[in-house]
Amino acid sequence: MKLKEKKKKGQSGMRLAGFIARNSRRIEKVFIVGLVLAALCIPFVNVNYDLTEYLPDSAESKQGLNLMEETFGYPGTARVMIEDVTLYEAKEYKDRLEEVDGVDQILWCDSEVNVYAPEEFIEEDSISDYYRDGAAVMDIIFEGGDSDQSTSQAIDEMRKITGDKGYFVGMAVQNQSLAKQLAEEMKMIMTLAVVFIFLILCLTTTSWFEPVLFLTVMGAAIILNKGTNIFLGTVSFLTDNVVAVLQLAVSMDYSIFLLHAYTRYKEKGEDQITALTNAINEALNSILASSLTTIVGFLVLVTMKFSIGFDLGLSLAKGVVFSLITVLFLMPALILRMSRLIERFSHGSFLPDFRKISVKIYKIRYVVLALVVVFFLPMYQAQTMNSYLFGNSAVGAGEGTKVYEDDQKIIARFGRSNMMMIIVPQTSNVTEKEMTQEIEALPEVKSVQSLAGTLPEGIPESFLPESVTGLLHKNGYSRILLYTRTKDESQAAYQAADTIQEIMHRYYPENSYLVGGTPSTRDIQEVITKDYDLVNLLSNIGVFLVVLLTYRSLVVPIVVMIPIEVAIIFNMAVPYLAGDQVVFMGYVIVSCIQLGATVDYSILTTSNYIQARKSKNRKEAAWEAMALSMPAILTSGSILTIVGYVLYAVSSISAIGDLGHLIGRGAFISMILVMALLPAFLAGVDPLLTKNELQRFREWRQKKRTAKEGKIHGEQ
């Protein structure tokens, strides 16, 4: 039965391979059309930079944001400090900035103090939060959102007005800076990644032209993947910028498998079509098996409640699928077209004899195993003690950026200013004013602005124009702006938010919300921390089942996953030992990426060991398995390591730099542990690997069932 299934599978593989080889020119034309359409779609894919958009609707801060957007809109915000100005000059700047298209209003001390009055009549304490030491700081509210084009254009215009005197911070400024930085940095990252990958491939292949072929195929897959993101509508900045380079790194193996198989058949004297047909048939199973674990690892991210995982996981998995399609369908056409160039620029192998290296590694296998056992518990404990960043502050205002430098200058002059907003039912101006005064009295609160709190005594609200009242009172709700002297993401900020919420709920028990960076960040922390446990569990179960079904063995999945799981734990422990903070979003994502992308190293080595064990003893089989596997592991592992470290070295965006660092270090540790630790496991469980224990379990179960039936018949 098994032989028939294998034969049938082989025949269907040959039919597919024959079809691809015979119709390569037509397939090439189809790809050209697809690539043109995909390239045209790429500019129309929207990119989101606001992490709060990915919070589930069940999060309280998200409910508040939705209510505010429905009632008042969701305007972009920023802060500007203008240096070397008098109070009067600052007022002139404010009036000019307020006239810029896209600016709704600017909040400054002139709403409470007559800045034209003589200095001796102005109390310094009343303006110190807005003007001190010849510098003025103002809060800007835009008509559009933080990422709107009109907001970005307004910021550019405001920079022209303030010139060298202006320093800008805030979400709107951060988003604009982030978009510009990413565009420049990703060009550099992709260029460096391609150059380094090209050099690695030159060293690990046997033709100077093979790397050109591989990169062409992967480039086509990346364009198709990015273009089809248009069906997602909007993707996160992380998805838009990281997926392409990761797709390039994790999918390169598929091209190498196919071309190496084609070269072997050509060396046997087969013609191009026959060699290509046999190569596709041979590579089909190994490519599918290799890609399936990666796809499963990536797809698990779509289960995250923090839905940035949905478009990131889907886009990564989709990228691997497009890489498969281009390798199996487009690459054969390119091989036929470029075969003369591949042969013309062929060269000898630069790789050493890995048999000698594998013998030495096998000899120290127990030393490596002992070291891993000794360090495992401390490293496991260390990776649970990391310090994390969760919110938008971990995204676009990292050290080395203009936003960060401007922020430091404003903090040095005026201290920290963390903006939050309270949304409550508009019931009574008296109640609203009492709550405003109580919140304003808190030591951590710098200022509070509510309509009831600023309305002059005895002046009815109806006397004021709707253009003024509509900013703070609208459709039965009140919006109150407040600023605290805390960072967006800190324990002090969370405590301040708790105190403000306690006061708010006391005055307004129902339909009252606190929104802003701090409440959203705390909700992100709560949601994404739970996501990690689920994602980690599902990725392990998914990969385990894929390997289980592929090898029909309970032992093989355990053996191949142990070195990778140890590598993940060691990788995650390093930030704690180094005293670094980690962006938790990257921490969640990288565990799936490292498992899905590097478990193939273990699978390849184990597969080669089982194959070699059919004709050799366990020691010789381990030598041969390592010698056969090491070129592929070093090629793939080096590519993923270098791509990760290029992201880390070039990107000034914490979320991307941290992700790259974790991926690069994780790939390196996985590569080392698979080559150094796995031989000990293979030799240790040799009896179980060389026999199919799952088949034996089925036979035992069948015997038990037969015996039970016999007993029943005997009793009858």
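Pairs only if they're at least six apart or on different chains, beta carbon under 9 angstrom, first in the range 402-415 and closer than 20 Å to Trp108 by Cβ, second at pLDDT below 90 and of a type in the set (Phe, Trp, Tyr); list them, first residue then second.
Matching pairs, first to second residue: Phe414/Tyr130.
I'd like the full set of residues that are in a helix (DSSP H, G or I), open to solvent by 30 Å² or more (accessible area, probe 1.4 Å) and touching a residue at least 40 places away in the same chain (Cβ under 8 Å), limited to the range 222-237.
Once the filter is applied, which keeps residues that are in a helix (DSSP H, G or I), open to solvent by 30 Å² or more (accessible area, probe 1.4 Å) and touching a residue at least 40 places away in the same chain (Cβ under 8 Å), the range 222-237 yields Ile223, Lys226, Thr228, Ile230, Leu232.
Please determine whether any residue of the range 400-411 is out of contact with any Asp or Glu (no Cβ under 7 Å at 6 or more places or on another chain) and over 21 Å from Ile155 (Cα atoms).
So far as the range 400-411 goes, no, none of its residues is out of contact with any Asp or Glu (no Cβ under 7 Å at 6 or more places or on another chain) and over 21 Å from Ile155 (Cα atoms).
Anything in the range 32-62 that is open to solvent by less than 40 Å² (accessible area, probe 1.4 Å) and hydroxyl-bearing (Ser, Thr, Tyr)? List them, or say none.
Selection gives Tyr49, Thr52, Tyr54, Ser61.
Do the conditions hold for Met218, that is, is it more than 30 Å from Thr77 (Cβ to Cβ) and open to solvent by less than 10 Å² (accessible area, probe 1.4 Å)?
Details: more than 30 Å from Thr77 (Cβ to Cβ): yes; open to solvent by less than 10 Å² (accessible area, probe 1.4 Å): yes.
Considered against the rule, which asks whether it is more than 30 Å from Thr77 (Cβ to Cβ) and open to solvent by less than 10 Å² (accessible area, probe 1.4 Å), Met218 comes out as yes.
Quick check on the range 421-430. Is at least one of its residues open to solvent by 50 Å² or more (accessible area, probe 1.4 Å), in a helix (DSSP H, G or I), at pLDDT below 90 and more than 30 Å from Phe306 (Cα to Cα)?
yes
Considering only residues that are touching a residue at least 40 places away in the same chain (Cβ under 8 Å) and among the aromatic types (Phe, Trp, Tyr), which ones fall in the range 17-75?
Phe31, Phe44, Tyr49, Tyr54, Phe72, Tyr74
If you go through the range 568-582 one residue at a time, do you hit one that is among the polar types (S, T, N, Q), assigned to a helix (DSSP H, G or I) and open to solvent by 10 Å² or more (accessible area, probe 1.4 Å)?
no
Any idea which of Leu97, Leu65, Leu87 is out of contact with any Gly (no Cβ under 8 Å at 6 or more places or on another chain), aliphatic (A, V, I, L, M), under 30 Å from Ile528 (Cα atoms) and open to solvent by less than 70 Å² (accessible area, probe 1.4 Å)?
Selected residue: Leu65, the only one of Leu97, Leu65, Leu87 that is out of contact with any Gly (no Cβ under 8 Å at 6 or more places or on another chain), aliphatic (A, V, I, L, M), under 30 Å from Ile528 (Cα atoms) and open to solvent by less than 70 Å² (accessible area, probe 1.4 Å).
Does the range 577-587 contain at least one residue that is closer than 23 Å to Tyr49 by Cβ, under 27 Å from the mean Cα position of the chain (by Cα) and of a type in the set (S, T, N, Q)?
Keep residues of the range 577-587 that are closer than 23 Å to Tyr49 by Cβ, which gives 581-587.
So of that shortlist, the ones also under 27 Å from the mean Cα position of the chain (by Cα) come out as 581-587.
Keeping just the survivors that are of a type in the set (S, T, N, Q) gives 581.
Within the range 577-587, one or more residues are closer than 23 Å to Tyr49 by Cβ, under 27 Å from the mean Cα position of the chain (by Cα) and of a type in the set (S, T, N, Q).
Filter the range 490-519 for residues that are among the acidic types (Asp, Glu) and over 15 Å from Met421 (Cα atoms) and give the result.
Glu510, the sole residue that qualifies.
Which ones in the range 131-154 are touching a residue at least 60 places away in the same chain (Cβ under 8 Å) and either farther than 25 Å from Glu70 by Cα or open to solvent by 20 Å² or more (accessible area, probe 1.4 Å) (or both)?
Result: Arg132, Asp133, Ala135, Val137, Glu143, Asp146, Ser147, Asp148.
Could you check how many residues of the range 76-99 are without any contact (Cβ under 8 Å) to a residue 40 or more places away in the chain and over 21 Å from Met419 (Cβ atoms)?
Residues of the range 76-99 without any contact (Cβ under 8 Å) to a residue 40 or more places away in the chain: 88-89, 91-92, 95, 98-99.
This time we only want the ones that are over 21 Å from Met419 (Cβ atoms), so: 88-89, 91-92, 95, 99.
So the count comes out to 6.
Go through Ser315, Ser346 for me and flag whichever is in contact with a strand residue (DSSP E or B) (Cβ under 9 Å, 6 or more places away or on another chain) and surrounded by 15 or more Cβ atoms within 10 Å (Cβ to Cβ). Quick ask: steps written out before the conclusion?
Working: Ser346 fails: surrounded by 15 or more Cβ atoms within 10 Å (Cβ to Cβ).
The conditions single out Ser315.
Among (1) open to solvent by less than 10 Å² (accessible area, probe 1.4 Å); (2) under 30 Å from Val560 (Cβ atoms); (3) touching a Ser or Thr at 6+ places or on another chain (Cβ under 7 Å), there is one condition Ala333 misses while meeting the rest; what is its number?
So the condition that Ala333 fails would be (2).
Does Val80 qualify as being within 32 Å of the chain's Cα centre (by Cα) and more than 29 Å from Ser307 (Cβ to Cβ)?
Here the answer is yes, as Val80 does meet what is asked.
Mind checking which residues of the range 124-158 are in a helix (DSSP H, G or I) and either within 30 Å of Ser651 (Cβ to Cβ) or among the acidic types (Asp, Glu) (or both)?
Glu124, Asp125, Gln149, Ser150, Thr151, Ser152, Gln153, Ala154, Ile155, Asp156, Glu157, Met158
Against the condition closer than 30 Å to Met504 by Cα and at pLDDT 85 or above, how does Val47 come out, does it pass? Don't jump to the end; show me each part of the working.
Numbers: closer than 30 Å to Met504 by Cα: no; at pLDDT 85 or above: yes.
Spelling it out, it is not the case that Val47 is closer than 30 Å to Met504 by Cα and at pLDDT 85 or above.
Quick grid of which residues meet (1) at pLDDT below 90; (2) closer than 30 Å to Leu97 by Cα; (3) of a type in the set (A, V, I, L, M, F, W, C); (4) assigned to a helix (DSSP H, G or I):
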residue: Lys160; (1), (2), (3), (4): no, yes, no, yes
residue: Asp164; (1), (2), (3), (4): no, yes, no, yes
residue: Lys180; (1), (2), (3), (4): yes, yes, no, yes
residue: Ile189; (1), (2), (3), (4): yes, no, yes, yes
residue: Val195; (1), (2), (3), (4): no, no, yes, yes
residue: Ala220; (1), (2), (3), (4): no, no, yes, yes
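What number of residues within the range 187-201 are open to solvent by less than 30 Å² (accessible area, probe 1.4 Å) and without any contact (Cβ under 8 Å) to a residue 60 or more places away in the chain?
0
Just to check your reading of the model, which residue among Val300, Val367 is open to solvent by less than 40 Å² (accessible area, probe 1.4 Å) and assigned to a helix (DSSP H, G or I)?
Val300
Return a yes/no flag: does the range 272-285 have any residue that is in contact (Cβ under 8 Å) with a residue 60 or more places away in the chain, under 19 Å from Asp531 (Cβ atoms) and open to solvent by 10 Å² or more (accessible area, probe 1.4 Å).
Checking the range 272-285: not a single residue is in contact (Cβ under 8 Å) with a residue 60 or more places away in the chain, under 19 Å from Asp531 (Cβ atoms) and open to solvent by 10 Å² or more (accessible area, probe 1.4 Å).
Quick one: in the range 232-255, which of the residues that are in contact with a Phe, Trp or Tyr (Cβ under 7 Å, 6 or more places away or on another chain) and among the hydrophobic types (A, V, I, L, M, F, W, C) is nearest to Leu336 (Cα to Cα)?
Restricting to residues being in contact with a Phe, Trp or Tyr (Cβ under 7 Å, 6 or more places away or on another chain) and among the hydrophobic types (A, V, I, L, M, F, W, C), the top hit is Met252.
The values are calculated or read from the model by the stated rules, or taken from the named source; none is laboratory data. In this text, all values refer to a predicted model and were calculated from it rather than measured experimentally. With ideal geometry, Cβ positions are generated from the backbone for all residues, glycine too; neighbour counts draw on all protein chains shown. The area values use the complete protein model at the heavy-atom level, side chains included, leaving out ligands, DNA and RNA. Shrake-Rupley method; radii C 1.70, N 1.55, O 1.52, S 1.80 Å.
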